[in-house]
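The values are calculated or read from the model by the stated rules, or taken from the named source; none is laboratory data. What you see is a predicted model; the values in this text were computed from it and never measured. Positions of Cβ are generated from backbone atoms using ideal geometry, with glycine treated the same way; all protein chains shown enter the neighbour counts. Quick note on the areas: whole protein, heavy atoms, side chains included, nothing else; ligands and nucleic acids left out. Shrake-Rupley method; radii C 1.70, N 1.55, O 1.52, S 1.80 Å.
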Amino acid sequence: MPMLEFLNPDSVVSALRVRDKKHVLQELAAHAARRLPGLSDRDIFETLLQRERLGSTGIGDGVAIPHGKLAQLDRLFGLVARLEKPVDFDALDGQPVDVAFLLLAPETAGADHLKALAQVARLLREPGMLERIRSARDATALYALLANGPTTQAA
């Protein structure tokens with residue numbers, strides 16, 4: 001079973017060209033809308049922007065996890081993007097962001113939304129995972145890394 005069940009091979013962008021936080025959210029929304037029939041990039045962008053107004057989803061170490069809930073969704077949806085150049089994201093640690101995980105959930109998702117956020121955070125805390133994400137050669141390699149989850153062994 002994939003480590004991130006809500007992520008699929010078509011939901012990985014290995015070199016997203018963006019200039020600032022707003023552009024990151026717009027591009028993530030556009031990529032998501034192409035994979036989610038019936039949802040507009042504008043609706044997704046507005047949902048992400050509303051969440052960012054509550055506080056930055058830049059969690060530190062160059063990572064952001066923009067997320068939100070949409071009534072039109074019937075399942076969790078994830079997308080990961082490695083940014084071509086880091087951008088200021090008002091992250092908690094003040095560092096620019098170069099890896100973004102988008103997570104969208106149905107309004108009725110309840111705890112599943114929080115579990116998915118925790119799952120992403122756990123994966124990113126694995127020793128060496130961020131370095132492997134940043135050094136993956138392309139979208140296929142990046143997806144394989146995320147689908148297989150951590151490769152570290154207990155000592």
*Using a cut-off of 20 Å between alpha-carbon atoms, which aspartates and glutamates can reach Lys85, once sequence neighbours fewer than 8 places away in the same chain are excluded?*
Asp20, Glu27, Asp61, Asp93, Asp98, Glu131, Asp138
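Volume per residue, Å³, of the convex hull around the alpha-carbon atoms of the stretch 89-130? Please list the in-between numbers first.
Working: hull volume 3.8 nm³, N = 42.
Value for the stretch 89-130: 91 Å³ per residue.
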*Would you mind putting 100-113, 120-133 in packing order, based on average other-beta-carbon counts within 10 Å, highest first?*
100-113, 120-133
*Once amide H atoms are built 1.01 Å from N in the peptide plane, which residues 5 or more positions from Gly58, or in another chain, come under 5 Å H to H?*
Ile65, Leu92
_Separation in nanometres of the label points that stand 7 Å from Cα toward Cβ, at Glu84 and Asn148_ = 2.9 nm
*Could you give the dipole magnitude of the chain about its Cα centre, charging the beta-carbon of Lys and Arg +1 and that of Asp and Glu -1, in debye to the nearest 20?*
120 debye
*Percent of accessible area on the stretch 52-155 owned by carbon and sulfur, 1.4 Å probe?*
51 percent
*If you work out Rg and Dmax of the Cα atoms in Å from the coordinates, which of (i) 14.4, 48; (ii) 15.1, 42; (iii) 14.0, 42 do you get?*
(i)
